[in-house]
Amino acid sequence: MSTTAPGAAAAQDDEARMGVRQTFSRGFAISPELRKGLGVTLLLALVAASARATIPYLTQRVTDDGLLAEAGVNVNLVHWLVAGGAVVVVISMLVEWRVRRRMVIAAEAGLATLRKRAFHNVHRLSVLTQNSEQRGRYVSRVTGDVDTMRDLMQWTGAGMVVAAMESTVVFVVMALYSWQLALVVVGCYVPLLVVTLRIQPVIRRAFSDIRARMADLLGRTSEQLVGVATIRSYGVQERMRTKLRDEIDGIAQRERRASWLASASFSMTAFGQSFATGAALVVGTALGVRGDLSVGTVAAFALLVYMFSGPLMWIIEMLAEMQRAMVGWQRVIELVDAPTTVAEPTTPTPIPDGEVDLTVDSVRLTYDDDEEVLKGISLTVPAGKRLALVGQTGSGKTSLARLLSRFFDPTSGEIRVGGVDVRDVSFKQLRSRLAVVPQEGFLFEGSVLDNLLYARPDTDPDGLREAARAAFVELGLEPWLETTAHGLDTQVGARGELLSAGERQLIGIARAYLRDPDVLILDEATSAVDPATELRISRALELLMKGRTSVVIAHRLSTAERADIVAVMDSGELVELGPHDELVAADGPYARLHRAWVAQTRD
Amino acid sequence: MKGARRAEYELSGSYAAKSLHVLGHALRTSPGRFGLSIGAAGVFGVLTVVFGSVLGLIVDQVVIPAIGGEPIRGWWGERTQDPGTAVMIAGAVFVGIGLMNAVLIVIRRGVQGGAVATVGARHRTVVADAIAALPLGWHRANPAGRMLSAMSSDSETATNPLHPLAFTVGSFTMMIAAGYRLVIMDEWMALTAMTVVPAILVINVVYERVISPLWDAGQSLRAEVSNIAHESFEGGTVVKALGAEARESSRFASKVDGLRDADTRVGAVSSWFEPLMDAMVPLSSLAIMVVGAHRAAAGAVSVGDVVTAIYLLALMAVPIRGVGWVLGQMPSALVSFQRIARISAAATEVDEPGHVSVPREGAGHIAFKSAHVAADDGDGEPVIIVRDVSLELHPGTVTALVGATGAGKTTVALAAARLSRAVGGEVLIDHTDIQVVQALGSHVALVPQTAFVFAGTVRENITLGEDFSDDDVWTALRRAAVDDLVSGLNHHGTGLDATLEERGMNLSGGQRQRIAIARALVREPRVLVLDDATSAVDPGVEQQILAALRADGAGPTVLLIAYRLASIVLADRVIHVHDGTVVDAGSHRELLARDPGYRELVTAYEIDSQQRRDEAGEVS
């Protein structure tokens, strides 16, 4: 909702966001592929890590026993040791290759599932939610946000576990040499780790803010893509660019800040390494002077601290990356888990077969906390009859039509189809018995036939082609279809933009006709198009509505005239209801509207 | 500036040349930050060597004597002979080095991150700047997803090799020093150590060859996934209306599966690349051990030399490993960089092509003289849409452009606003070639069918940031018959300060169009081009708006593309276009009388009403 203060919104969001453990458990539940075979993968990773850990040992053996052998350099032993080392290195390489491959396959499968689940849920959200949040954000969640987690899933995540294992192994070795020194080393790291971990939430918030702003930027960009002609026509290119540049600079500025935070956190561990080495030397020497430690042990600790801190530094480094990934993951999980306000009933009631009536019973509607849009509407459309909704823009007729099609639910009151509350009807049945021809003749990229497939997804291509052709004939649209380049195979382009608005509507009508519903909701399906197409549309609509219970938002006199009942809406209230002739005779609001229409059309 | 930008993003030559270009571009974009960061990395590298030496010194000169009860030696011995104090000093030196290291790391990484952010912002800015400079045809030919992914994932991916850049470049001094020491130590060991360089290069070249096409395929699938999501969410209402959620999900799923497979193929390749690179240093260390053992046995080098060589090899490998990271990210970065480059290269439209000033007096005069108008998709030759069009819009008159869909009406309208170009003949405003007119936006205002409404206040939406008084804005809103709506708005503010949501989602289609008309009117254009700009407006309101344009007599010259008969008859003159050419021009009545095609087109309503009356007659 709040496009004005994205930063604040992001910060608020973050408070409500789940923790790391919750994210993992929910994330794994959504994408079980991530967990599948993870045990084996980690085991293999441990093998690879252990193999790597033998290399320093080998170096030490070569130096001590091979090069510094008492009888001169033992070339033969060096050969053997090196050959053994080479085998270990190659094995570790091959195992690591398998590990990574397993991770890649699991990660990609898991991410694909996550994308699908998120996408699926977007369509389950009510039209209201879909509109109020910028759509570009949804796109960025199923694309960019998922992509930010790829590295975490593919390697970083497992790598961190392995690195932690490496550090643990080294710690055990240290403890075996000298538990006092081991404690000193860990003691040096603990405060630094605490500080580092403290910084993590700050870093996460910073990344979360960046992602939110990125989504804003994409929203702004897609707006401007729509407005290119206007922007150029008014010569405001620079102004519009400045808007985007401001957003871009804002993002860069926050990225810089996040980078300082992350590097501060990383440098802590680098400092920890020197600090711990220094401390180990001081304490080790003190212990050595007391005779508790040998020189070799003290010297070995320098190497051990280095081996202990290496993986630790890498983990800390990856923590920052992980924060980024976690934020992305959480954002997608949130979308998967976003509550759908228009819920499918648990025990659906079927709509009775045959012609059904449509009842609106004391329906009230309030969007968010704004003004009441519908203030108690009650009316009935008898089975097979046609109701025309008339009224000024903003009178509430579009909202009412959307409630009828259950795009969202009323704040109070009921809508019944054949006596059944629409909230008790399964979506599948509701959509098959009740068809909506929406305001925008939105088509999907592909052919005309591809778009008709939406009406009858289960039909085979040949059957559909036949049914489609029959539908065009029955709706009197065959002559039009013949004027198109390739008939049913004509490409409609993105959003159907290769066709005119009127042609898009024709396909929308054919689509509804193919569904063969019992109830029809037509939302402003008759905006201006060229007269020939207009004529085709009105004819096809007549044929479509024949014998079906219909509600049509009327902008045209002729549409209202031909309806059985006219409902006049004004500021969310039903002010007049009755047949056209009666209302004209009553000389009320409808009669005034009618006179104005007549005056225009008889020009 | 335009030419410079194109050079900035133009990639040519071999793979190596292109890679260098991407790195060079980054260094030029943020030279100060990269410089500082590289410097810090260089000092850090030196400190790494110092750290190793100091550790050895402390063990030899302090720890061993202290434990063995011998006198403290070296620099420490000059300061104190008390083992406790000496070891404390040594510890303090360590902590000091650690602190310096920490500071250098903060500088290197912090500044480095800033530099990468700057380069990323540069990529995004180039994409942002291109939006309004790409020909309209380009936008029609390319889905929105392409620009969006250029803005997001491409801009990020293109900067990926830069993250290890400063560290890598900075640590080259370390490598050079280490290599130099190796060479003077023993040529055979040096030679062995050096083999690691070509080996790593070969692996990288092979990797690049294999992964580039895979990555490219993955990126185009990524764009397709983005496209489907975009299209499907945009048509969310329709999807819901048709109950097509499941179908949309499966459509999306099949593309996502494709992307998954492509990404898995990419991942499969990098899953051998990384371990192979990781194995190179241990393997060459082993080789050094063998060679070193032989050389030591032959007495050519000391045992200490061999140990040092192993250590030096590890240091040499640091920058090489860094190069590996940079190179490993390079194939994907190049693909993304090129995607941005292509957008930048296609952005050929100049903001202000004109230089001739035309006086802003009275309504404007527009003339097309045998004009061939083309649509340009920015990627190839412009395609001619309308041919040999001659027409004239007289000052202060309303002209309706009538024709069936696809007749070329919009192309003509765009040409009148200089948004499509005459490739032959001329388009003139006030007898001046429209191409050379300065600040054409102050003369001609175009209102397209799809209204541009953005997230922001009503005021911003109307003024587009230009200086108009609130009175002017309200007047324009009134003339566009949308003032009532705006007075009633209450969304994060009221009236002109009320916020419109992204793409004006909180308005109806007709309301959005009226906002767009108000935006044109506030500019008091001399020529107003309405390209089906009232299609979603109630007919009564449309009439009111059009009538008001003519009423005060001082109105602009209007070119109107409309379908409603009532609007067409409001025009002083009608031009009938068909198949990209002008068929006839004259008053509505004249055309009705002499142009059968026109008659057929506009009298559809009347025929319809007539037929209905007949049908009704038959029934009753």
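Search the structure for amide H atoms under 5 Å from the amide H of A:T380, placed 1.01 Å from N in the peptide plane, and list their residues when 5 or more places away or on another chain.
Long-range HN contacts for A:T380: A:V360.
Checking understanding here: applying a Kyte-Doolittle mean of at least -1.0 and a length along the axis of at least 27 Å (C-alpha), which whole DSSP H helices in chain B pass?
B:31-58, B:83-131, B:196-234, B:245-297, B:303-346
Once you sort the root eigenvalues of the Cα gyration tensor of region B:490-531 as a ≥ b ≥ c, which label holds: rounded (a/c under 1.5), prolate (a/b larger than b/c) or oblate (the other case)?
Because a/c hits 1.5 or more and a/b fails to exceed b/c, region B:490-531 counts as oblate.
Could you tell me the center-to-center distance, by alpha carbons, between region A:249-266 and region B:490-513 in angstrom?
Computed from Cα coordinates, the inter-centre distance equals 35 Å.
Starting from the 7 Å offset along Cα-to-Cβ, what nm value, one decimal, do you get for the label separation of B:V436 and A:D458?
Between B:V436 and A:D458, the label points sit 6.9 nm apart.
Across the residues of A:262-268, average count of Cβ atoms on other protein chains within 10 Å?
6
Based on the mean of other beta carbon atoms within 10 Å per residue, what is the order of A:305-314, A:259-268, A:347-356, most packed first?
The peptides rank, most packed first, as A:259-268, A:305-314, A:347-356.
Please find the FRET efficiency linking A:Q180 to B:T48, where r is the Cβ-Cβ separation and R0 is fixed at 22 Å, and quote it to the nearest 0.05.
About 0.20, to the nearest 0.05.
What value, in deg cm²/dmol to 500, does the helix sum -39500 (n - 2.57) over DSSP H runs of n ≥ 4 give at 222 nm once divided by the residues of chain B?
Value at 222 nm, helices only: -20500 deg cm²/dmol.
Quick check on the protein assembly as shown: of the DSSP beta bridges with both residues there, what percent are antiparallel, nearest 5%?
55 percent
Dipole of chain B (Lys/Arg Cβ +1, Asp/Glu Cβ -1, origin at the Cα centre): which of B:L528, B:L191, B:A371 lies farthest to the positive side?
Ranked along the dipole, the leading option is B:L191.
Between helix A:75-124 and chain A, what is the angle of the helix's C-alpha long axis to the longest principal axis, kept within 0 to 90° and rounded to the nearest 10?
Taking the Cα atoms of chain A, the angle to A:75-124 is about 20 degrees.
Between A:S50 and A:E70, what length in nm is gained on full extension when 0.36 nm per residue of separation is reduced by their alpha carbon distance?
Computed gain between A:S50 and A:E70 is 4.2 nm.
Taking the Cα-to-Cβ direction at A:S412 and at B:V356 and moving 7 Å from each Cα, how far apart do the two end points lie in nm?
6.9 nm
For region B:366-619, just say rounded, prolate or oblate: build the C-alpha gyration tensor, square-root its eigenvalues into a ≥ b ≥ c, call rounded for a/c under 1.5, and beyond that prolate if a/b exceeds b/c, oblate if not.
oblate
Please compute the contact order of region B:366-619 in relative form: average sequence separation of alpha-carbon pairs under 8 Å and at least six residues apart, divided by the residue count, as a percent.
25 percent
Report, to the nearest 10°, how far helix A:38-61 tilts away from the longest principal axis of the Cα atoms in chain A, using its own Cα long axis and a range of 0 to 90°.
Once rounded, one gets 30 degrees.
Report the equivalent ellipsoid semi-axes for chain A in whole Å, largest first, defined as the square roots of five times the eigenvalues of the gyration tensor built from alpha carbon atoms.
70, 26, 22
Just subtract the alpha-carbon distance of B:A300 and B:V103 from 0.36 nm times their residue separation and send over the number in nm, one decimal.
In short, 66.7 nm is gained.
Please figure out what share of the DSSP beta bridges in chain B is antiparallel and state it in percent, rounded to the nearest 5.
Beta bridges within chain B, antiparallel portion: roughly 55 percent.
Label 7 Å along Cα→Cβ of B:V202; region A:62-100 residues with amide nitrogen under 18 Å?
Residues A:90 qualify, since their backbone N sits under 18 Å from the label point.
Which of the peptides A:398-406, A:583-591, B:67-75 is most tightly packed, and how do the rest follow, going by the mean number of other Cβ atoms within 10 Å of each residue?
Listed from highest to lowest mean packing, they are A:398-406, A:583-591, B:67-75.
Projected onto the charge dipole of chain A (+1 at Lys/Arg Cβ, -1 at Asp/Glu Cβ, origin at the Cα centre), which of A:G27, A:L488, A:T549 gives the Cα projection farthest towards the positive end?
Farthest towards the positive end: A:G27.
Taking a threshold of 22 Å on the Cα-Cα distance, which of the pairs A:K397/A:K428; A:K375/A:K397; A:K397/B:K409; A:K385/A:K428; A:K36/A:K116; A:K243/B:K409 fall above it?
Violating the 22 Å Cα-Cα cut-off are A:K397/A:K428; A:K397/B:K409; A:K385/A:K428; A:K243/B:K409.
With charges only on Cβ, +1 for K and R and -1 for D and E, what is the dipole size of chain A about its Cα centre, in debye, rounded to 20?
With Lys and Arg at +1 and Asp and Glu at -1, about 1680 debye.
Could you compute the FRET efficiency for A:D421 and A:E482, with r as their C-beta to C-beta distance and R0 at 45 Å, rounded to 0.05?
0.50
Hey, what do the phi angles of region A:557-564 turn into as Karplus ³J(HN,Hα) couplings, whole Hz, using 6.51/-1.76/1.60 and θ = phi - 60°, x for Gly and Pro?
Using θ = phi - 60°, the values come out as 3, 4, 5, 5, 4, 7, 6, 6 Hz.
When only the heavy atoms of the protein chains count and the probe is 1.4 Å, how do A:L475, B:L27, B:L20 rank by accessible area, highest first?
B:L20, B:L27, A:L475
Run the quick spin-label model on A:D249 and B:D579: label points 7 Å from Cα toward the beta carbon, then report their separation in nm to one decimal.
Label at A:D249, label at B:D579, 5.5 nm between them.
Roughly how crowded by other chains is peptide A:442-454, in terms of the mean Cβ count from those chains within 10 Å of each of its Cβ atoms?
The shielding value for this peptide is 3.
When the label point is put 7 Å from the Cα of A:D337 along its Cα-to-beta-carbon vector, which residues of region A:25-52 have a backbone N closer than 18 Å?
A:25-35
Treat every Asp and Glu Cβ in chain B as -1 and every Lys and Arg Cβ as +1, leave all other atoms uncharged, and give the resulting dipole magnitude about the Cα centre to the nearest 20 debye.
The dipole magnitude comes to about 1480 debye.
Antiparallel as a % of all DSSP beta bridges within region B:366-619, to the nearest 5?
Close to 60 percent.
If you fit an axis through the alpha-carbon atoms of helix A:461-474 and take the longest principal axis of the Cα set of chain A, what angle between them do you get, 0 to 90°, nearest 10?
Helix A:461-474 sits roughly 30 degrees off the main axis of chain A.
Kindly give the semi-axes, whole Å and largest first, of the ellipsoid equivalent to chain B, taking each as the square root of 5 times a Cα gyration tensor eigenvalue.
So the equivalent ellipsoid measures 72, 26, 23 Å along its semi-axes.
About the Cα centre of region B:366-619, what is the dipole size in debye to 20, counting +1 per Lys and Arg Cβ and -1 per Asp and Glu Cβ, all else neutral?
Magnitude of the dipole: close to 300 debye.
Heavy atoms only, probe 1.4 Å: what % of the accessible area of the protein assembly as shown goes to carbon and sulfur, would you let me know?
57 percent
If you take each beta carbon of peptide B:271-282 and count the beta carbons of other chains within 10 angstrom, what is the mean?
That works out to 6 on average.
For region A:358-601, with every protein chain kept in place, what is the accessible area per residue (1.4 Å probe, Å²)?
Each residue of region A:358-601 exposes 37 Å² on average to a 1.4 Å probe.
The values are calculated or read from the model by the stated rules, or taken from the named source; none is laboratory data. Computed from a predicted structure; not experimentally measured. Cβ sites come from the backbone with ideal geometry, for glycine too, and all protein chains shown count toward neighbours. SASA here: full protein model, heavy atoms, side chains in, ligands and nucleic acids out. Shrake-Rupley method; radii C 1.70, N 1.55, O 1.52, S 1.80 Å.
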